[in-house]
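K.L.:
Quick one: structure below, then a few questions.
Values in this text are rule-based calculations from the coordinates and carry no lab data. These numbers come from a predicted model, not from an experiment. Here Cβ is always computed from backbone atoms with ideal geometry, including for glycine, and neighbour counts include all displayed protein chains.
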Amino acid sequence: MAAFEVELQTYEANKDRLLAEGEGKYAAILGSEVRGPFATYADAFNQGAIAFGGHSQFLIKRILRTEPVSFVPPVAVVRTSGKAWEYSKQLR
């Protein structure tokens, strides 16, 4: 199972409610339990740590109607004389 797979499913199941209560804010999620929304990432982190315990891994998710998409150009690594040289190859 992928990291935070259950938490992401929980987020999707609660997304409509979270959007109505606090679009753009943050939620702390562990398993099927959701806390929030919170105004800041720091608030979600602090309240999640209190609610779920300081030694638990939990997901902090920004509540957004549409997820942002980032483009990361491919990177190639070339080895020359034991040294690695990186360069980015832009797609056109």
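K.L.:
Go through region 1-66 and name the GluC sites (Glu not before Pro) that are in a DSSP coil and have 15 or fewer other Cβ atoms within 10 Å of their Cβ. Please report the intermediate quantities before stating the final value.
P.N.:
On the way: sites: GLU5, GLU7, GLU12, GLU21, GLU23, GLU33; in loops: GLU23.
When the GluC sites (Glu not before Pro) of region 1-66 are filtered for loop state and at most 15 Cβ neighbours within 10 Å, GLU23 remain.
K.L.:
Could you list the chymotrypsin sites (Phe, Trp or Tyr not before Pro) in region 5-72 that lie in coil according to DSSP, counting only those with at most 12 other Cβ atoms within 10 Å of their Cβ?
P.N.:
The qualifying sites are PHE71.
K.L.:
Near ILE63, within a Cβ-to-Cβ distance under 9 Å, what is the net charge of the other residues, with Lys and Arg +1 and Asp and Glu -1? The partial results should precede the final answer.
P.N.:
On the way: positive: LYS15, LYS25, LYS61, ARG62, ARG65; negative: GLU21, GLU23.
So the environment of ILE63 carries a net charge of +3.
K.L.:
Using the Karplus equation 6.51 cos²θ - 1.76 cosθ + 1.60 (θ = phi - 60°), what ³J(HN,Hα) coupling, rounded to whole Hz, does each residue of region 63-75 give in order, writing x for Gly and Pro?
P.N.:
3J(HN,Hα) across region 63-75, in whole Hz: 8, 10, 5, 10, 6, x, 10, 10, 9, 10, x, x, 10.
K.L.:
Sum up the charges of everything whose Cβ sits under 15 Å from the Cβ of LEU8, counting Lys and Arg as +1 and Asp and Glu as -1, but leave LEU8 out.
P.N.:
Taking every Cβ under 15 Å from that of LEU8, the sum is -2.
K.L.:
Between VAL69 and ALA2, what is 0.36 nm times their sequence separation minus the Cα-Cα distance? Round to one decimal in nm.
P.N.:
Result for the pair: 22.1 nm of gain on full extension.
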